[in-house]
Amino acid sequence: MSDISLAALAAQVFTGLVLGGIYVLLAVGLSLIFGLMTVVNFSHGALYMLGAYFGFVLVGRTGSFLVALVLAPLLVGVFGLLVERFLIRPLYGRSPDDPLLLTFGLSLVLVEAVRMIWGKFGMTFDPPKVLGGAVNLGFTMFPLYRLFVIGVTAAVLIALWLFLVKTPIGLVIRAGSRDPLMVRALGFDLGRIWLLVFGIGSALAGLAGVLAGPMRGVYAEMGVTMVIESFVVVVVGGMGSLPGAIVAGLLIGQVVSLTTFFVPKMAEIMVFIFMAAVLLIRPSGLFGEAGLME
Amino acid sequence: MNRRVFLTTTAAGAATFAFPAVLRAQSKDPIRIGFPAPLTGPFSAIAADMKQGAELAVDELNAKGGILGRKVEVLIRDDQLKPQVGAQRTQELIEKEGCQFIVGGLAAHVQMAINEQTKKAKVLFISTSQSDEISAKPDTSPITFHEALNPTITSRVVGKWVMENLGKKWWIVYADYAWGKQNNMVLSETNKKHGGTVLGNTPYPLGSAEFSAHLPKIQAAKPEVLVSCTPGADNIAFLKQVKSFGMHQQMKIAQPLHWISVAKQGGPELYQDIYGGMNFYWELQDGNPDVKRYVDSFQKKFGTPPGEYGVYAYSAILEVARGSELAKTTDAEKVADALRKSPAYNHFKGKQWWRTCDNKSFQDMWILKGRAPGKTKGDWGLLEVVSRVPANEEFDRTCAEKGLA
């Protein structure tokens with residue numbers, strides 16, 4: 001291979017890192033929710049979309065991207081709390097299909113509601129001026145904003161990690177996902193923990209949405225394919241496994257990016273081929289524990 | 001004839017002559033025109049423009065007494081950009097709602113599904129989608145008409161202009177479905193014919209929002225012109241990402257088409273110096289009275305200038321009306337014959353005509369360029385006219401090439 005294509009390949013890996021970052025943010029939330037609550041949250045894509053819309057509105061109102069970046073995920077998180085408290089909670093103890101159908105229905109309602117409020121057209125908002133340009137990485141010109149996305153994703157993941165590993169609540173969350181019955185027996189109110197986890201997962205989806213908005217535009221259907229791809233990431237990583245979601249998200253980002261480089265027509269399907277291959281070798285995913293779904 | 005019959009017939013006759021045409025139109029069953037379009041999804045902005053064009057045409061027709069003295073209704077349905085939904089909506093429009101005509105369709109693959117239904121039901125269809133197949137064998141039919149430009153015409157015209165004015169080394173990015181593939185093919189041919197090189201062609205799935213993975217390779221190849229066939233909302237995401245990678249400083253960007261509703265969403269910064277072809281642009285009203293009349297009445301009704309797909313809908317519906325009046329019936333074959341027998345028309349921008357061998361409309365088109373931010377004319381004046389290309393049947397494939405000799 002010539003030098004040019006090596007440089008292009010390096011650029012390709014960088015591009016894949018950003019794609020992977022967005023997948024990771026979505027998949028970590030999904031996986032967290034599934035691991036603890038065994039709820040397959042089909043409204044995750046709609047929450048991602050809501051994050052982008054809230055970001056759009058907040059940037060318009062306040063003129064500050066930073067405010068939007070902080071506030072929009074919080075708003076989506078609060079919305080997630082309400083969804084858990086009033087919609088999902090009554091379904092605990094019933095078949096896992098029930099919350100799945102409920103969240104699927106919720107995603108349809110949200111998409112339609114957004115169309116009613118903000119119209120059927122897409123919208124755009126720009127990254128802050130300081131992050132607007134492209135930087136020369138030596139091997140390619142790369143958008144500064146995309147580097148920023150990598151940075152924010154990494155920072156948020158480290159913060160989440162510290163929260164789960166170093167704080168007492170994090171300890172209970174991790175224990176709850178291992179053995180909810182025992183955690184209950186020790187006197188913890190798992191209802192509150194579930195509420196919190198659903199809120200955190202939603203906020204992460206919202207964050208992914210705000211971050212994606214300036215790159216991809218904002219439109220009501222933006223979460224529809226993302227939620228499917230994020231589920232692929234969760235399944236590849238192992239349902240309920242956080243390290244799995246992170247590793248799988250980054251891997252899928254590279255799969256998409258490199259397939260696009262070599263055989264663009266295969267990029268979409270390759271994600272699923274990759275999933276099939278992983279599941280053939282490790283039926284519970286890369287980091288998954290057998291038996292969680294039973 | 002007894003006295004009673006005499007009285008009722010004369011009274012009815014008197015009423016017929018005395019009442020204004022508008023009232024008479026309302027006294028009979030209306031003529032219904034079914035209109036499938038992708039009202040939701042990445043083409044929603046363009047479909048909204050089509051909806052308005054259709055509504056304006058129907059308003060104007062009814063103000064003049066409708067078609068054949070009957071009121072006209074247009075029934076607009078969301079095809080969701082899916083061929084099976086388009087087919088289903090069309091079938092419902094014809095069978096359940098009793099539409100005599102179908103006009104519309106925006107995405108080429110959905111429009112083909114609509115056409116299958118209209119052919120089966122023997123209903124006249126005027127397509128407003130950009131498609132090569134619709135006016136060629138095996139898809140076309142004697143009752144299938146095509147009002148819009150097609151990829152062959154736009155890509156030959158824009159491709160030639162780009163070769164002469166912007167550069168000869170290209171990279172083409174195209175949405176991987178009927179319209180995109182056809183443009184890619186014709187653009188590549190046009191480039192070759194004029195002695196250029198296509199350094200690469202990149203297909204991507206229609207409706208994508210993420211293009212970054214395609215871009216490093218294009219950057220490294222250093223084309224003179226990046227030709228983008230990225231319709232609807234894809235166009236905004238694509239240009240945003242291309243510009244964020246700084247590629248607009250390294251190469252020119254051209255597209256077979258501009259869509260003003262999409263450009264308005266994207267804003268002047270995004271569309272600055274982007275070249276593209278168009279069948280219509282509202283600023284053409286300067287010096288063109290036909291365009292001015294249309295822009296004025298559209299603006300009066302909707303408060304915004306019209307876009308380039310609304311005019312297809314508008315013109316196609318007026319052609320349904322013209323054909324029906326000429327044929328004095330709504331029978332599909334007779335209306336089609338009437339349109340072929342007097343093929344010339346002019347509804348909004350100057351002379352157009354149906355080529356009788358393939359029912360394809362021929363019309364002028366223009367090359368436009370995005371204005372710099374600060375130089376735009378209001379919210380909608382993002383583009384400036386660079387060149388006019390008069391209608392010419394030679395830009396399309398011949399009827400023999402389409403299998404219709």
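The values are calculated or read from the model by the stated rules, or taken from the named source; none is laboratory data. Remember, it's a predicted structure, so these values are computed and weren't measured experimentally. Note: ideal-geometry Cβ built from the backbone for every residue, glycine included; neighbour counts use all protein chains shown.
Just checking, does segment B:109-118 include any residue being in contact with a helix residue (DSSP H, G or I) (Cβ under 8 Å, 6 or more places away or on another chain) and either within 14 Å of another protein chain (Cβ to nearest Cβ) or farther than 24 Å from B:Asp331 by Cα (or both)?
At the first step, the residues of segment B:109-118 found to be in contact with a helix residue (DSSP H, G or I) (Cβ under 8 Å, 6 or more places away or on another chain) are B:109-118.
Then keep just the ones that are either within 14 Å of another protein chain (Cβ to nearest Cβ) or farther than 24 Å from B:Asp331 by Cα (or both); that gives B:109-110.
Looking through segment B:109-118, at least one residue is in contact with a helix residue (DSSP H, G or I) (Cβ under 8 Å, 6 or more places away or on another chain) and either within 14 Å of another protein chain (Cβ to nearest Cβ) or farther than 24 Å from B:Asp331 by Cα (or both).
Among the residues of segment B:42-53, are any more than 14 Å from chain A (Cβ to nearest Cβ), within 18 Å of the chain's Cα centre (by Cα) and not in a strand (DSSP E or B)?
Restricting attention to segment B:42-53, the residues satisfying the condition of being more than 14 Å from chain A (Cβ to nearest Cβ) are B:53.
When the remaining residues are screened for being within 18 Å of the chain's Cα centre (by Cα), the result is B:53.
Right, trim to not in a strand (DSSP E or B) and you get B:53.
Yes - at least one qualifying residue is present in segment B:42-53.
What number of residues within segment A:215-224 satisfy the criterion of being more than 8 Å from chain B (Cβ to nearest Cβ) and either more than 15 Å from A:Leu50 (Cβ to Cβ) or crowded, with 24+ Cβ neighbours inside 10 Å (or both)? Lay out the reasoning, then the answer.
First, pick out the residues of segment A:215-224 that are more than 8 Å from chain B (Cβ to nearest Cβ): A:218, A:223-224.
Restricting the remaining residues to those that are either more than 15 Å from A:Leu50 (Cβ to Cβ) or crowded, with 24+ Cβ neighbours inside 10 Å (or both) gives A:218, A:223.
Total satisfying the criteria: 2.
Among the residues of segment A:200-220, is any under 21 Å from A:Leu75 (Cβ atoms), over 13 Å from the mean Cα position of the chain (by Cα) and hydroxyl-bearing (Ser, Thr, Tyr)? It would help to see each step written out before you state the result.
Just the residues of segment A:200-220 that are under 21 Å from A:Leu75 (Cβ atoms), to begin with: A:200-220.
From what is left, the residues that are over 13 Å from the mean Cα position of the chain (by Cα) are A:213-220.
Subsequent filtering for residues that are hydroxyl-bearing (Ser, Thr, Tyr) retains A:219.
Yes, some residue in segment A:200-220 is under 21 Å from A:Leu75 (Cβ atoms), over 13 Å from the mean Cα position of the chain (by Cα) and hydroxyl-bearing (Ser, Thr, Tyr).
Please find, among A:Val183, A:Val227, A:Val197, the residue that is surrounded by 17 or more Cβ atoms within 10 Å (Cβ to Cβ) and without any contact (Cβ under 8 Å) to a residue 60 or more places away in the chain.
From the options A:Val183, A:Val227, A:Val197, the qualifying one is A:Val183.
Residues in segment B:180-198: is at least one among the acidic types (Asp, Glu) and over 17 Å from the mean Cα position of the chain (by Cα)?
Of segment B:180-198, the ones among the acidic types (Asp, Glu) are B:189.
Checking the rest, the ones that are also over 17 Å from the mean Cα position of the chain (by Cα) come to B:189.
So far as segment B:180-198 goes, yes, one or more of its residues are among the acidic types (Asp, Glu) and over 17 Å from the mean Cα position of the chain (by Cα).
Given (1) touching a residue at least 12 places away in the same chain (Cβ under 8 Å); (2) within 14 Å of chain A (Cβ to nearest Cβ), where does B:Leu284 come up short, assuming only one miss?
Single failed check for B:Leu284: (2).
What number of residues in segment B:177-196 are more than 16 Å from B:Glu133 (Cβ to Cβ) and within 14 Å of chain A (Cβ to nearest Cβ)? Walk me through how you get there before you give the answer.
Applying the first criterion (more than 16 Å from B:Glu133 (Cβ to Cβ)) to segment B:177-196 yields B:187-196.
Subset that is within 14 Å of chain A (Cβ to nearest Cβ): none.
Adding up the residues that qualify gives 0.
Out of (1) more than 14 Å from chain A (Cβ to nearest Cβ); (2) more than 19 Å from the chain's Cα centre (by Cα); (3) part of a helix (DSSP H, G or I), the odd one out for B:Glu269 is which?
For B:Glu269, the failing item is (1).
Do we find a residue being touching a residue at least 60 places away in the same chain (Cβ under 8 Å), away from chain B (no Cβ under 13 Å) and either in contact with a helix residue (DSSP H, G or I) (Cβ under 7 Å, 6 or more places away or on another chain) or not polar (S, T, N, Q) (or both) anywhere in segment A:164-174?
To start, the set of residues in segment A:164-174 that are touching a residue at least 60 places away in the same chain (Cβ under 8 Å) comprises A:164, A:173.
Subsequent filtering for residues that are away from chain B (no Cβ under 13 Å) retains A:164, A:173.
Next, only the ones that are either in contact with a helix residue (DSSP H, G or I) (Cβ under 7 Å, 6 or more places away or on another chain) or not polar (S, T, N, Q) (or both) stay: A:164, A:173.
Within segment A:164-174, one or more residues are touching a residue at least 60 places away in the same chain (Cβ under 8 Å), away from chain B (no Cβ under 13 Å) and either in contact with a helix residue (DSSP H, G or I) (Cβ under 7 Å, 6 or more places away or on another chain) or not polar (S, T, N, Q) (or both).
So which residues in segment B:348-392 are within 20 Å of B:Thr144 (Cα to Cα) and surrounded by 15 or more Cβ atoms within 10 Å (Cβ to Cβ)?
Our first condition is that a residue be within 20 Å of B:Thr144 (Cα to Cα); within segment B:348-392, this holds for B:352-363.
Correct list: B:Gln352, B:Trp353, B:Trp354, B:Arg355, B:Cys357, B:Asp358, B:Asn359, B:Lys360, B:Ser361, B:Phe362, B:Gln363.
Determine, yes or no, whether A:Ala212 is in contact (Cβ under 8 Å) with a residue 60 or more places away in the chain and within 13 Å of chain B (Cβ to nearest Cβ).
Values: in contact (Cβ under 8 Å) with a residue 60 or more places away in the chain: yes; within 13 Å of chain B (Cβ to nearest Cβ): yes.
Yes; evaluated as a whole, the condition is true for this residue.
Identify, please: which residue in segment A:238-294 is closer than 17 Å to A:Thr38 by Cβ and polar (S, T, N, Q) and is, among those, surrounded by the most Cβ atoms within 10 Å (Cβ to Cβ)?
Checking each candidate, the answer is A:Ser241.
How many residues does segment A:114-129 contain that are closer than 25 Å to A:Phe65 by Cβ and free of Cβ contacts under 8 Å to residues at least 12 places away in the same chain?
The number of residues fulfilling the criteria is 3.
Every residue in segment B:202-244 that is more than 24 Å from A:Ile252 (Cα to Cα) and either facing another protein chain (nearest Cβ under 10 Å) or in a helix (DSSP H, G or I) (or both), please.
First, pick out the residues of segment B:202-244 that are more than 24 Å from A:Ile252 (Cα to Cα): B:221-233, B:235-236, B:239, B:243.
Correct list: B:Ala221, B:Lys222, B:Gly232, B:Ala233, B:Asn235, B:Ile236, B:Leu239, B:Lys243.
Which condition number in (1) farther than 30 Å from B:Gln299 by Cα; (2) out of contact with any Leu (no Cβ under 9 Å at 6 or more places or on another chain); (3) at pLDDT 95 or above is the one that B:Val58 fails?
(1)
Restricting the search to segment A:100-126, which residues are surrounded by fewer than 19 Cβ atoms within 10 Å (Cβ to Cβ), within 14 Å of chain B (Cβ to nearest Cβ) and in a helix (DSSP H, G or I)?
Correct list: A:Leu108, A:Glu112, A:Ala113, A:Arg115, A:Met116, A:Trp118.
So is A:Phe142 free of Cβ contacts under 8 Å to residues at least 24 places away in the same chain, over 30 Å from A:Arg192 (Cβ atoms) and among the hydrophobic types (A, V, I, L, M, F, W, C) or not?
Details: free of Cβ contacts under 8 Å to residues at least 24 places away in the same chain: no; over 30 Å from A:Arg192 (Cβ atoms): yes; among the hydrophobic types (A, V, I, L, M, F, W, C): yes.
Taking the combined requirement at face value, the residue does not satisfy it.
Hey, can you tell me all the residues within segment B:245-266 that are within 10 Å of another protein chain (Cβ to nearest Cβ) and outside any helix (DSSP H, G or I)?
The answer is B:Phe245, B:Gly246, B:Gln250.
Return the residues of segment A:133-145 that are at the interface with chain B (Cβ under 8 Å from one of its Cβ atoms) and either part of a loop (DSSP other than H, G, I, E, B) or at positive phi (or both); say none if nothing qualifies.
A:Gly133, A:Thr140 - these are the residues of segment A:133-145 that are at the interface with chain B (Cβ under 8 Å from one of its Cβ atoms) and either part of a loop (DSSP other than H, G, I, E, B) or at positive phi (or both).
Return a yes/no flag: does segment A:45-53 have any residue that is of a type in the set (Phe, Trp, Tyr), on the phi < 0 side of the Ramachandran plot, buried (at least 22 other Cβ atoms within 10 Å of the Cβ) and within 12 Å of chain B (Cβ to nearest Cβ).
Of the residues in segment A:45-53, the ones of a type in the set (Phe, Trp, Tyr) are A:48, A:53.
Retained after the next criterion (residues that are on the phi < 0 side of the Ramachandran plot): A:48, A:53.
Among the residues that remain, those that are also buried (at least 22 other Cβ atoms within 10 Å of the Cβ) are: A:48, A:53.
Retained after the next criterion (residues that are within 12 Å of chain B (Cβ to nearest Cβ)): A:48.
Yes: segment A:45-53 contains one or more residues that are of a type in the set (Phe, Trp, Tyr), on the phi < 0 side of the Ramachandran plot, buried (at least 22 other Cβ atoms within 10 Å of the Cβ) and within 12 Å of chain B (Cβ to nearest Cβ).
If B:Glu224 meets every condition in (1) more than 23 Å from A:Ala7 (Cα to Cα); (2) surrounded by fewer than 19 Cβ atoms within 10 Å (Cβ to Cβ); (3) in contact (Cβ under 8 Å) with a residue 40 or more places away in the chain apart from one, which number is that one?
The single condition B:Glu224 does not satisfy is (1).
When the residues of segment B:140-165 are filtered to those that are farther than 19 Å from B:Glu394 by Cβ and buried (at least 17 other Cβ atoms within 10 Å of the Cβ), which remaining residue is nearest to the chain's Cα centre (by Cα)? Give the derivation first.
The initial filter retains those residues of segment B:140-165 that are farther than 19 Å from B:Glu394 by Cβ, namely B:140-145, B:147, B:165.
Add one more test, that the residue is buried (at least 17 other Cβ atoms within 10 Å of the Cβ), and what stays is B:140-141, B:143-145, B:147.
Values: B:Thr140: 17, B:Ser141: 19, B:Ile143: 18, B:Thr144: 15, B:Phe145: 12, B:Glu147: 7 Å.
Ranking the candidates gives B:Glu147 first.
Which of (1) under 17 Å from B:Ile143 (Cβ atoms); (2) part of a loop (DSSP other than H, G, I, E, B) is the odd one out, the single condition B:Glu319 does not satisfy?
(2)
Within the set of pairs 6 or more residues apart or between chains, which connect a residue that is under 13 Å from A:Asn41 (Cα atoms) inside segment A:90-102 to a residue that is assigned to a loop (DSSP other than H, G, I, E, B) and among the aromatic types (Phe, Trp, Tyr) with Cβ atoms less than 9 Å apart?
These pairs meet every condition: A:Pro99/A:Phe42; A:Pro99/A:Tyr92; A:Leu100/A:Phe42; A:Leu101/A:Phe42; A:Leu102/A:Phe42.
Residue-wise test of (1) surrounded by fewer than 20 Cβ atoms within 10 Å (Cβ to Cβ); (2) modelled with pLDDT of 95 or more.
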residue	(1), (2)
B:Ala263	no, no
B:Asn288	yes, no
B:Tyr294	no, yes
B:Gln299	yes, yes
B:Phe302	yes, yes
B:Glu308	no, yes
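Let me confirm something: among B:Val173, B:Val198, which residue is without any contact (Cβ under 8 Å) to a residue 40 or more places away in the chain and in a strand (DSSP E or B)? Please lay out each step first, then the result.
Numbers: B:Val173 fails: without any contact (Cβ under 8 Å) to a residue 40 or more places away in the chain.
Criteria check complete, one pass: B:Val198.
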